[in-house]
Amino acid sequence: MLRTAATNVLRQAKPARSAVFQYSYSMWSWLQKPKKEAPSGGVTATGSSASGSGAEQVARTMASAAGEETVTFEFCDKTFEGYNIEAPSQTTTLTKSDAIALYREMQMVRRLEMAADSSYKHKLIRGFCHLCTGQEAVPVGIEQALTKDDAIITAYRCHGFTYMRGAEPVGILAELMGRKGGVSQGKGGSMHMYAHNFYGGNGIVGAQVPLGAGIAFAQKYNNEKTCTVALYGDGAANQGQVFEAYNMAKLWDLPVLFVCENNKYGMGTAAGRAAANTDYYTRGQYIPGIRVNGMDVLAVRHAIAYAREYATSGKGPLVLEMKTYRYGGHSMSDPGTTYRTREEIQHMRSTSDPITGYKARILEAGIITEEEIKSIDKSAKKLIDEALAKAKAIPEPPASDLWAHVYKEGSDIPYLRGRVPEETHYYNVD
C-alpha cells in the first residue's frame, strides 16, 4: 500500500537528543492586532509527558509505544482564545514519531492537491473542484487528535479529510477523474468522497452541519465515548440551519464539535462584508467556543484533543474557529485574485505557511534533520506521482452503472425515470 511505503520512510528518521529550543513565528494581521514584535515561544524535548491538563489530554489522545521520547512545544498567547470556556493550555506534548508524522501528512495533502490542480488544468478533471492548498494543518491536526471511532463530516473542500480518514491517494485522484476505481466508484467527484467514519464531502452549503449533529445524536444514543467533528466555512456560518443545529446540540448536550474553517473569504466575499460578527467562535451564544490558529498544525491538534475531551465527558458541544487561509481560488474556476491582491497571497505564503513554519520548528527542535526532511518530501512526491499514474490508467465506469446504487439492493424498485420518458430504465426485465 502507498501509505505503508511512506510510513517506512518516517521510521528511518532518528530522534535527536533531548534539549531546549526556542522558536518564533509570525501571525497574520487579520488573526490578531498588529504587534511590534512577533510572538515567540519555546519547545522542550523530554523523556516523559509534560504536566498540566492540556498536555495530559494530548498524551492520552496520541498514545504511542511505551517509553518513546516526547517533545513539548509552547504556544504564544494568541494561539487560542476562549469564549465562555478556559482556553487550552499553552503547551502540548507528543512523541517524536507523531511530530514527524504531522509534517509528512501535511506534505502528502499538499502534493495530493497539487496533483489535482495539474490534472484539472490538463482537463482530466471536470466540473467542480475545491482545493485546500494552504489549509493542510486543519485536516491533519484534527485527525491526529481523534480516534478512528470518531466521525468527521465536512463541506466540499474535502480531499485532505478523505485522505486523512484512510482513503488512498489513488482512490481520491481516480474519483476526481470520474474513474471506476475512485472512492465513490467515479460517481461522486470532488465533492462527494467517503471513508471510514467520514461522511463526506457535501455539496449543499451548510447542510453537513445538522447532519453532523445527527451523527453525534446517534453516538450519544448508543452510549459511545466518541464525538463528531462537523466542519463548515465562514461563508456557510450565516446559514440558518447552522444555528438550528447549535440549538439542538446544546439542548441535548450532543458530543459534536462545530468547526468553522475561516479562510477569510466565502467564495469571493470577504468575511466582514457578509457577517455582522466575524468572531465565529462566539456565535454559538450558549455554546462555549475557542478560536485557534489554524495555520499551526500543533495548535489544531491540541485544541481538538481538548475539545474532544470536553464533548465526550458529557459537557455537550463546542464551537471552534480555525483561522486559516487558502492560496488558490474558491474553486478551480476562480482565479482568486479579483477580490484580494497577489501581494496578500504571497505574504501569507511567505509568513504563515503551515508546512514551512512547522518544518522550521521541528528542525530547530532537533526532531529531524534536513536530510530526513528531504527524504520525506521526495517520498511524498513519488507516492503521489505514482498514484496519479495509476489513477489515469483506471477506466471510466460503464454507462450501465448510471442505474446502479440508486436504491439499496433488494428494494425491488421496478423502474427509474430518466430525463425524458424514453430514458426510463426498467430493472429485472428479461
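The values are calculated or read from the model by the stated rules, or taken from the named source; none is laboratory data. Remember, predicted model here, so these are calculated numbers, not experimental data. Neighbour counts run over all protein chains shown; Cβ positions are idealised from the backbone, glycine included. In case anyone asks, the SASA skips ligands and DNA or RNA and just uses the protein heavy atoms, side chains included. Shrake-Rupley method; radii C 1.70, N 1.55, O 1.52, S 1.80 Å.
When Tyr286, Tyr246 are checked against the criterion of being in a loop (DSSP other than H, G, I, E, B) and of a type in the set (Ser, Thr, Tyr), a single residue qualifies: Tyr286. Of the residues contained in region 322-333, one or more are found to be touching a Lys or Arg at 6+ places or on another chain (Cβ under 7 Å) and under 30 Å from Asp253 (Cβ atoms).
On inspection, Asp385 passes the criterion of being within 19 Å of Leu124 (Cα to Cα), of a type in the set (D, E, K, R) and open to solvent by 70 Å² or more (accessible area, probe 1.4 Å). With Ala404, Ala393, Ala399 as the choices, which residue is in contact with a Pro (Cβ under 9 Å, 6 or more places away or on another chain) and over 30 Å from Ser97 (Cα atoms)? Sole residue among the options that is in contact with a Pro (Cβ under 9 Å, 6 or more places away or on another chain) and over 30 Å from Ser97 (Cα atoms): Ala404. Of the helices (runs of 4 or more DSSP H) lying entirely inside region 322-430, those containing at least 3 residues that are touching a residue at least 40 places away in the same chain (Cβ under 8 Å) and farther than 14 Å from Gly134 by Cβ span 354-364, 370-393.
The set of residues in region 305-347 being aliphatic (A, V, I, L, M), crowded, with 18+ Cβ neighbours inside 10 Å and more than 16 Å from the chain's Cα centre (by Cα) consists of Ala311, Leu318, Met332. Looking across region 82-97, the residues that are touching a residue at least 24 places away in the same chain (Cβ under 8 Å) and open to solvent by 20 Å² or more (accessible area, probe 1.4 Å) come down to Gly82, Tyr83, Asn84, Ile85, Ala87, Ser89, Gln90, Thr91, Ser97.
The set of residues in region 414-428 being open to solvent by less than 100 Å² (accessible area, probe 1.4 Å) and more than 38 Å from the chain's Cα centre (by Cα) consists of Pro414, Val420, Glu423, Thr424, His425, Tyr427. For the condition touching a Phe, Trp or Tyr at 6+ places or on another chain (Cβ under 9 Å), at pLDDT 95 or above and β-branched (Val, Ile, Thr), Val138 qualifies.
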